[in-house]
Amino acid sequence: MTFNKNELLHVLSELTYSHIDYVKFLLQENSERIQYKVNEKSWSVIECIEHLNLYARFYNKEIRKGIETSNFPSSDIFKSGIIGGKFAMDMLPNDKMKKMNTFKSKNPIYSKLNNEKVLLEFLDLQDELKVLIEKARTKNLTKIKTSITLPLLKFRLGDTLRFVIYHNERHIVQAKKIYGINN
């Protein structure tokens, strides 16, 4: 798939802003409701957000490193890779969403979490991601490669951004369902 870089980054930026707005809403809410679990094996709202923090700590660094070390000339077009594009699209929430297992290191279930700390960290990490999206506007999203959490694989920067932000969307939708908000 081929994308206009600025249009793609605009969509990703808008999604990021909507994720930030939802978490700002959660900051004002009842902490018991944010800790609620449908059953003992499911995640609570706060565990969904912590899961996103665990990934953002890794991916923000990788995205920043790719942007800061790139010498490739900028391009207005982004060409998605086969594997990176598939991973990104698999993250998008939809009616036929596949349930996926997460790495043990990225699974917050049964963690003792401080709601405010988790939510504020999410906001900080997403503010950092917004800055990275803006910096990506002057870069080549096809040529820059970033490491991902699967060893030995690298994605094109555009696919990494899509994967991360679609993954955020997936779990924000999950958190809203747990909380009782239907999109």
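The values are calculated or read from the model by the stated rules, or taken from the named source; none is laboratory data. The structure displayed is predicted, hence computed values, not measured ones. Positions of Cβ are generated from backbone atoms using ideal geometry, with glycine treated the same way; all protein chains shown enter the neighbour counts.
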All positions within segment 34-63 that are among the acidic types (D, E) and either crowded, with 17+ Cβ neighbours inside 10 Å or modelled with pLDDT of 95 or more (or both): E47, E50, E62
(1) under 22 Å from K130 (Cα atoms); (2) over 15 Å from the mean Cα position of the chain (by Cα); (3) without any contact (Cβ under 8 Å) to a residue 60 or more places away in the chain: which one isn't true of N30, the others all being true? (1)
Determine whether segment 132-142 contains at least one residue that is farther than 16 Å from N4 by Cα, surrounded by 14 or more Cβ atoms within 10 Å (Cβ to Cβ) and of a type in the set (V, I, T). no
Flagged in segment 82-125 as part of a helix (DSSP H, G or I) and modelled with pLDDT under 85, in numbering order, are K104, S105, K106
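Among the residues of segment 128-158, which ones are hydroxyl-bearing (S, T, Y) and over 15 Å from T69 (Cβ atoms)? Step through it out loud before you land on a result.
Step one: list which residues in segment 128-158 are hydroxyl-bearing (S, T, Y), which gives 138, 142, 146-147, 149.
Result: T142, T149.
I'd like the full set of residues that are over 17 Å from V118 (Cβ atoms) and touching a Ser or Thr at 6+ places or on another chain (Cβ under 9 Å), limited to segment 1-37.
Filtering segment 1-37 for residues over 17 Å from V118 (Cβ atoms) gives 1-18.
Listed by number, the residues that qualify are M1, T2, F3, K5.
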